[in-house]
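Asks: Submitted below is the structure of interest, expressed as structure tokens.
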Amino acid sequence: MTDTDPTGTTAIDAEVCERVAAEGGTDADDLAGALAVVDAALTDEHSTYEREYEYTTVEGTRVYLADPAEWDDLAARLDLDASLRAAVARAHEAQAEKLLDDATAGRRAEGEEGTAIVVGIDTAEEMV
């Protein structure tokens with residue numbers, strides 16, 4: 001990734017982006033760019049997610065437990081290829097795990113279904 005933090009405006013930490021990219025064989029700059037595009041779309045849809053899904057707020061970031069089909073829908077609308085779609089979803093899951101682990105010292109309950117979507121609420125609420 002470049003010297004400046006391209007994930008800085010998203011809800012995903014740079015270290016999470018770099019780790020997910022390395023683990024999945026995705027270019028970190030490509031992933032950061034995709035995360036920025038997805039973040040803009042998620043910010044626009046924040047109120048919809050808030051109405052439709054359960055969520056937890058940790059450190060100014062909202063973690064939604066959403067239907068996994070949301071990633072397919074976002075990828076189609078934003079023209080993300082399959083590998084970037086998977087990397088973006090993994091980054092959101094990893095960021096959610098980090099936030100929830102830091103906040104609760106534990107993971108999501110076993111058997112709980114859904115996929116994590118994280119959105120910074122300070123930015124999202126300004127857009128509503």
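The values are calculated or read from the model by the stated rules, or taken from the named source; none is laboratory data. Being a predicted model, the structure only gives us computed values, none of them experimental. When we count neighbours, we look across all protein chains shown, and the Cβ atoms used for this are built from the backbone with ideal geometry, even at glycine.
Asks: Which members of the stretch 47-74 meet the condition of being within 12 Å of the chain's Cα centre (by Cα) and either charged (D, E, K, R) or over 19 Å from E97 (Cα atoms) (or both)? So that I can check it myself, show each step before the final result.
Replies: Going through the stretch 47-74, the residues within 12 Å of the chain's Cα centre (by Cα) turn out to be 61-66, 70-71, 74.
Those that are within 12 Å of the chain's Cα centre (by Cα) and either charged (D, E, K, R) or over 19 Å from E97 (Cα atoms) (or both): R62, E70, L74.
Asks: Going by what's in this entry, would R62 be described as assigned to a strand (DSSP E or B), among the basic types (K, R) and either touching a residue at least 12 places away in the same chain (Cβ under 8 Å) or exposed (fewer than 12 other Cβ atoms within 10 Å of the Cβ) (or both)? Reasoning before the result, please.
Replies: Numbers: assigned to a strand (DSSP E or B): yes; among the basic types (K, R): yes; either touching a residue at least 12 places away in the same chain (Cβ under 8 Å) or exposed (fewer than 12 other Cβ atoms within 10 Å of the Cβ) (or both): yes.
Yes: the conditions hold for R62.
Asks: Mind counting the residues in the stretch 45-59 that are under 21 Å from A14 (Cβ atoms) and surrounded by 11 or more Cβ atoms within 10 Å (Cβ to Cβ)? Lay out the reasoning, then the answer.
Replies: Going residue by residue through the stretch 45-59, those that are under 21 Å from A14 (Cβ atoms) are 58-59.
Now narrow it down to the ones that are surrounded by 11 or more Cβ atoms within 10 Å (Cβ to Cβ): 58.
The number of residues fulfilling the criteria is 1.
Asks: Looking at A87, A66, A91, A22 in this structure, which one is modelled with pLDDT of 95 or more and touching a Ser or Thr at 6+ places or on another chain (Cβ under 6 Å)?
Replies: Going through A87, A66, A91, A22 in turn, the sole match is A87.
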